[in-house]
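Engineer: Before I ask anything, here is the structure I am working with.
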Amino acid sequence: MDYIITTEQLTKKYKSFVAVNNVSLNIRKGSIYGFLGPNGAGKSTTMKMLLGLTAPTKGSFTIDGKQFPNDRLSILKEVGSFIESPSFYANLTGKENLDIIRRILGLPVSSVVDALELVGLSEFGGRLAKNTHWV
Ligand SMILES: Nc1ncnc2c1ncn2[C@@H]1O[C@H](COP(=O)(O)OP(=O)(O)O)[C@@H](O)[C@H]1O
Ligand SMILES: [Mg+2]
């Protein structure tokens, strides 16, 4: 069977609090997957782990056959995501919006260019966020 996402005993603990507990998924290529659960069930945390935005405490996953964390960069090149409606400053460009986050995170100036390059959006970094066309 061809799976786009597999997770194995994916677990996230915040100190002693278990936010995601041993989640093992096999999601078929081409399928639409409803990932349902009550508030606080750990859906967003699971998605953040799949995007490399927060580190799993335990377990592993693959996306399109690529293994995290070894293939993290090639996973990020292929995956687009919106978790919990991210907010942007409409009157700033993509680059300027990223630079605000970069400063909060204390990352080097070069990381903005690197991030745009990674996702293939370098040529649109100067476009105002409000002029972005969501497709
Ligand atoms: N950064 C964090 N630090 C501590 N606890 C967190 C953090 N993020 C989420 N949690 C807790 O983890 C649990 C799962 O949260 P979340 O993944 O946002 O659930 P869902 O998206 O399913 O509503 C919740 O109890 C939440 O309070
Ligand atoms: Mg959520």
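Engineer: Just a yes or no: is a residue in region 77-84 surrounded by 13 or more Cβ atoms within 10 Å (Cβ to Cβ), aliphatic (A, V, I, L, M), within 16 Å of ligand 1 (Cβ to nearest atom) and not assigned by TED's automatic domain parsing to the domain that holds Val18?
Structural biologist: Yes, region 77-84 contains a residue that is surrounded by 13 or more Cβ atoms within 10 Å (Cβ to Cβ), aliphatic (A, V, I, L, M), within 16 Å of ligand 1 (Cβ to nearest atom) and not assigned by TED's automatic domain parsing to the domain that holds Val18.
Engineer: Would you mind stating whether Thr45 is surrounded by 13 or more Cβ atoms within 10 Å (Cβ to Cβ) and either within 16 Å of the chain's Cα centre (by Cα) or at positive phi (or both)? Working first, answer last.
Structural biologist: Numbers: surrounded by 13 or more Cβ atoms within 10 Å (Cβ to Cβ): yes; either within 16 Å of the chain's Cα centre (by Cα) or at positive phi (or both): yes.
The answer is yes for Thr45.
Engineer: Here's something else I'd like to know. Whether any residue in region 13-24 is open to solvent by less than 30 Å² (accessible area, probe 1.4 Å), at pLDDT 95 or above and either assigned to a strand (DSSP E or B) or more than 16 Å from ligand 2 (Cβ to nearest atom) (or both) is what I want to check.
Structural biologist: Checking region 13-24: at least one residue is open to solvent by less than 30 Å² (accessible area, probe 1.4 Å), at pLDDT 95 or above and either assigned to a strand (DSSP E or B) or more than 16 Å from ligand 2 (Cβ to nearest atom) (or both).
Engineer: Specify the residue that is nearest to Leu118 (Cα to Cα); the eligible residues are those in region 67-98 that are without any contact (Cβ under 8 Å) to a residue 12 or more places away in the chain and not in a loop (DSSP other than H, G, I, E, B).
Structural biologist: Ser74
Engineer: I would also like to ask the following. Among the numbered criteria (1) away from ligand 2 (no atom under 16 Å from the Cβ); (2) surrounded by 14 or more Cβ atoms within 10 Å (Cβ to Cβ); (3) at pLDDT 95 or above, which single criterion is violated by Lys29?
Structural biologist: For Lys29, the exception is condition (2).
The values are calculated or read from the model by the stated rules, or taken from the named source; none is laboratory data. Only a predicted model underlies this, so the values are computations on that prediction, with no experimental measurement involved. Note: ideal-geometry Cβ built from the backbone for every residue, glycine included; neighbour counts use all protein chains shown. Calculation scope for accessible area: heavy atoms of the full protein, side chains included, ligands and nucleic acids excluded. Shrake-Rupley method; radii C 1.70, N 1.55, O 1.52, S 1.80 Å.
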